[in-house]
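Every number here is computed from the coordinates shown, using simple stated rules; none is lab data. Small disclaimer: the values here were computed from a predicted structure and weren't measured. Positions of Cβ are generated from backbone atoms using ideal geometry, with glycine treated the same way; all protein chains shown enter the neighbour counts.
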Amino acid sequence: MHSPLAPAWLSLPADTAALNAKIFSSGVARDAGQVTIQGIGVTELVEQFGSPLWVIDENDFRARARAYVDAFNEAFEPLCGGVDVFYASKALLTVQIAKWVKEEGLRMDTASGGEMALALRAGTDPSHIGLHGNNKSDEELHTAISHQIGRIVVDSLPELYRVEAMAAQLGQTANVMLRLTPGVDASTHQHIATAHEDQKFGLTMTPAPGAETSDAYQAVHFAANAAHINLVGLHSHIGSQIFDSAGFETAATRMLEFIAVLAAEDIVIAELDIGGGYGIAYTEADDPVEPAVIAQNLAAHMSTEIDRLGITCPRISIEPGRSIAGPAGLTIYTVGTTKTVWVEHDGEHYPRRYVAVDGGMSDNPRPVLYDADYTAVLANRVSDADAVFSRVVGKHCESGDIVVNTVYLPEDTDHGDLLVVPATGAYGHVMSSNYNMLLRPAIVAIKDGQAREIIRRETYDDLFAREVDL
Ligand SMILES: *Cc1c(COP(=O)(O)O)cnc(C)c1O
C-alpha cells in the first residue's frame with residue numbers, strides 16, 4: 001500500500017521484482033526469480049565470496065568509459081580536435097581498474113600521493129596522469145615533478161610558487177594546469193559543488209576588492225613566464241552528480257572569455273579541462289543524460305562561444321568518475337533483523353518497516369554524508385507479498401546508519417534473504433571504513449560471464465595488521 005510517509009518521488013511498485021534499467025548495470029537481469037549479473041546468480045556469488053559483496057560489472061564499466069571517449073571525440077573533433085578523457089580515479093580505484101581504464105583509452109586523474117602511486121604501480125604512462133588537490137604535500141609534488149606526470153593541476157598561487165621552486169631544484173620542468181573557479185553554483189549537494197567562490201578549491205577569477213587583477217590572472221602570467229613550468233592549460237570542475245547542462249555551459253563560457261582576454265595578450269592557452277560531475281540514477285527520481293547528448297550540447301555551445309570571441313578552440317579534456325564507475329557497481333547484502341515501527345503523520349500512525357543488513361555506513365557512507373538516496377530489491381527470490389514502506393539500515397552503532405532511506409520491499413522480506421542495492425560502484429569502496437571493526441567486503445569483477453575477485457575480503461588479521469604491539 002502507498003505510504004503517506006513516502007517522499008513524493010517514490011512510487012509504489014506494481015511489481016517488486018522489477019529492475020529499473022536506468023539504475024542497474026546492463027548485465028543485471030532476473031533468472032528464475034533470482035537477480036543475476038551476466039548470468040551469475042547473487043546466491044552463488046555470496047556463497048563463493050561472502051556477504052556483503054561489492055560487484056562490478058566489468059563489461060558495463062568498460063562500455064561507459066568507452067562511451068565518453070567516443071562521444072566526446074565525435075562531438076569535438078571537428079571543432080577543437082580530439083578530446084582526452086581522464087577517469088577520475090577517486091570514484092573507484094584498484095590496480096585492475098587502472099588497467100581497464102588504460103585499455104579503454106582513458107587517462108587517469110588522481111587526487112593524492114596514494115592514488116598517483118597506484119596509477120604508477122598499475123603501469124599508467126606518467127604523461128597520462130593528472131594530480132589534483134587543494135593542499136598537495138611536498139612529497140606529492142616531488143613525485144609528480146620527478147615522474148614528469150602530464151599535469152599537476154595547481155590550485156593556488158602559493159602552490160604555483162612551490163612547484164616552480166621545486167622544479168628548479170630538481171632541474172626539471174613541471175607540467176601545470178591551473179584550476180580556476182568560474183563562479184558557478186552548480187545545482188547539487190553543497191558538499192560536492194566546487195566552483196562557487198566561498199569554498200576551498202581553485203584560483204578565483206574575480207579580483208579582490210581594490211585589486212586590479214584576479215588570482216587566476218596573476219597565476220597565468222606567473223606560469224607563462226616561469227623558467228621551470230610548462231603551462232599546459234586551464235581547468236574547471238563545477239561539482240558532482242549534476243544533471244543540468246546550464247552549469248557546464250556557464251563555466252565553459254567564463255573559461256573561454258578568460259582565454260580570449262589572455263589571447264589578446266599573446267598568451268595561448270592550448271588546453272581546457274572542463275572537469276567531470278555527470279549525474280547518474282540512484283533512484284527512479286534521477287534522469288541521467290547520455291554521454292553523446294552531453295557532448296553534443298556542450299560542443300554546440302562552445303562552438304557558438306568560440307565564434308563570438310574569435311578565438312581558436314583549445315584541446316578539450318574531461319574527467320568523469322561517478323558516471324563510469326557508479327552504475328557498473330552494486331552491493332549484495334544479507335538481511336538480518338527486521339522490525340516495524342509506527343510513525344505519526346498528520347494525526348495518524350503509519351508503519352515503517354526496518355530491514356537491517358550485514359553492512360552499512362562502513363561500506364557506503366554516502367547516505368550519512370550527503371543524505372544520498374538509493375534503492376534496493378529483494379534479490380534471491382521474487383515474492384508476491386504486498387510491497388511495504390521500508391528503510392534498509394546497517395549494523396553500526398549509529399541511528400544514522402542508513403543504507404536505503406525509503407523503498408518499498410515485499411512484506412515477507414526476512415532473515416537470510418539477499419538484497420541488492422544498485423549504483424554503488426562510485427564513492428563506496430573508496431570511502432569505506434572499518435567502523436565498529438567491520439570487515440570490508442571483497443570486490444568481484446564480472447566479465448563475459450566470469451566472476452573473479454579483484455579485492456579480497458578483509459580478515460580480522462587485516463584489522464590488527466597495524467598494531468605495533470600485538
Ligand atoms: C571528483 C572530481 C571529478 C569527478 O567527479 P564525478 O562526479 O565523479 O564525475 C573530476 N574532476 C575533479 C577535479 C574532481 O575533484
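Descriptive notes on the structure:
- For the stretch 52-128 and the stretch 131-184, distance of Cα centres in Å: 21 Å
- The radius of gyration of the Cα set in the stretch 175-257, together with its Dmax, comes out at 13.5, 41 angstrom.
- Estimated vicinal HN-Hα couplings, Hz - the stretch 386-403 in sequence order (Karplus 6.51, -1.76, 1.60; Gly, Pro = x): 4, 7, 10, 5, 9, 10, 8, 10, x, 10, 7, 8, 8, 6, x, 6, 10, 9
- Reach of Lys22 by Cα under 13 Å, taken over aspartates and glutamates that are not fewer than 8 positions away in the same chain: Asp60, Glu284, Asp286, Asp287, Glu290
- For the listed peptides 61-68, 106-113, a ranking on the average number of other beta carbons within 10 Å per residue, highest first, reads 106-113, 61-68.
- Computed from point charges on the beta carbon alone (+1 for Lys and Arg, -1 for Asp and Glu), the dipole magnitude for the chain about its Cα centre is near 720 Debye.
- Across the chain, C-alpha contacts under 8 Å between residues 6 or more apart give a mean separation that, scaled by the residue count, equals a relative contact order of 21 percent.
- Electrostatic bookkeeping for Ala186 treats Lys and Arg as +1 and Asp and Glu as -1; over the other residues with beta carbon under 14 Å from its beta carbon, the sum is -3.
- Computed over neighbours whose Cβ is under 13 Å from that of Ala224, the net charge equals -3, Lys and Arg +1, Asp and Glu -1.
- When the stretch 82-323 is described by a simple charge dipole with +1 on each Lys and Arg Cβ and -1 on each Asp and Glu Cβ, the residue from Ser323, His301, Leu141 located farthest towards its positive end is Leu141.
- Report note on the peptides 231-242, 263-274: ranked by the mean count of other C-beta atoms within 10 Å, highest first, their order is 231-242, 263-274.
- Angle between the chain longest axis and helix 245-264 axis [Cα atoms, degrees, rounded to 10]: 10 degrees
- Axis of helix 157-170 versus longest Cα principal axis of the chain: the two differ by about 70°, to the nearest ten degrees.
- All alpha carbon pair distances within the stretch 82-323 were sorted into 10 Å bins beginning at 0; the resulting P(r) in whole percents reads 7, 32, 38, 19, 3, 0.
- Our note on the geometry: Cα centres of the stretch 197-221 and the stretch 242-286, 17 Å apart.
- Annotation for the stretch 443-470 versus the stretch 10-45: alpha-carbon center distance of 26 Å.
- Computed FRET value (nearest 0.05) for Asp244 with Leu470, which takes r as the C-beta separation and R₀ as 51 Å: 0.45
- Each Lys and Arg adds +1 at its Cβ and each Asp and Glu adds -1 at its Cβ; summed about the Cα centre, the stretch 211-291 shows a dipole of about 300 debye.
- Folded to 0 to 90 degrees: helix 291-309 orientation relative to the chain principal axis, Cα: 20 degrees
- 5 angstrom amide H check on Ala88, placed H, neighbours 5+ away: Asp109, Gly321
- Reciprocal mean inverse distance between Cα atoms of the chain - Kirkwood radius, Å: 23.7 Å
- You can think of it this way: the chain between Ala300 and Val343 has 10.4 nm of extra reach, that is 0.36 nm per residue less the Cα-Cα gap.
- Across the stretch 137-153, coupling constants 3J(HN,Hα) worked out from phi with the 6.51/-1.76/1.60 Karplus curve, θ = phi - 60°, read 7, 4, 4, 4, 5, 4, 4, 5, 6, 6, 7, 6, 5, x, 7, 8, 8 Hz, and Gly and Pro carry x.
- Each of Val153, Asn225, Leu120 was placed along the dipole of the stretch 82-323 (beta-carbon charges, centred on the mean Cα), and the one lying farthest toward the positive end is Leu120.
- Ranked packing of 43-50, 69-76, 252-259, most packed first, by mean Cβ within 10 Å: 252-259, 69-76, 43-50
- Both radii were evaluated on the Cα set of the stretch 54-113; the Rg over Rh quotient, with Rh as the Kirkwood radius, amounts to 1.01.
- Isolated Cys residues of the chain, judged by Cβ distance under 4.7 Å to other cysteines: Cys397
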